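Chemist: Dumping the structure here so I can ask a few things about it.
The values are calculated or read from the model by the stated rules, or taken from the named source; none is laboratory data. Because the structure is predicted, anything quoted here is derived from the model rather than measured. So basically every Cβ, Gly included, is an ideal-geometry build from the backbone, and we count neighbours across all protein chains shown.
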Amino acid sequence: MKYIAFAFAAIAALATTPVAANQLNSTEIKQTISGKKVYLATKWGIEFPLIYRSNGKVIGDGSGTGLGKYFAPKETGNWWITNNRMCQKFPTWYKGRTFCFTLKETGKDALIWKRDDGATGKARIG
């Protein structure tokens, strides 16, 4: 019986151990997202795709996610990297405000991000 209790305690400890995350520098950010589709996890349980073109354009297209009823479902903005942060700006999304993000790699094709206003989330590279 005490072995079962030990096994449950070990499993619980592993489940609450934080995921190691490597913060990406400017070069790593470019290698990770340039020319790729990034899927942002949303609070609604769906993924929102963003395509980061190598020419500095970012295309957000939520038309297939059902989020179009909440905002313009598709928009093209700009992205760039500065001071080890990925920044982006869309013409109307977020009222045209620029946001910058630190990105941390949590596994193969998995990221966590932190926006300069403190918002955080998860994403995967597709």
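Chemist: Quick check on my filter: what residues within segment 79-126 are exposed (fewer than 14 other Cβ atoms within 10 Å of the Cβ), under 20 Å from Arg53 (Cα atoms) and of a type in the set (Val, Ile, Thr)?
Modeler: Thr82, Thr92, Thr98
Chemist: Of all residues in segment 33-53, which are without any contact (Cβ under 8 Å) to a residue 60 or more places away in the chain and under 18 Å from Glu105 (Cβ atoms)?
Modeler: Matches in segment 33-53: Ser34, Gly35, Leu50, Tyr52.
Chemist: Looking at the structure I just gave you, is Ile59 surrounded by 14 or more Cβ atoms within 10 Å (Cβ to Cβ), among the β-branched types (Val, Ile, Thr), at pLDDT 95 or above and within 20 Å of Ala119 (Cα to Cα)? It would help to see each step written out before you state the result.
Modeler: Details: surrounded by 14 or more Cβ atoms within 10 Å (Cβ to Cβ): yes; among the β-branched types (Val, Ile, Thr): yes; at pLDDT 95 or above: yes; within 20 Å of Ala119 (Cα to Cα): no.
No, not satisfied.
Chemist: Moving on to the next point. Could you please let me know if Lys43 is modelled with pLDDT under 95 and under 15 Å from the mean Cα position of the chain (by Cα)?
Modeler: yes
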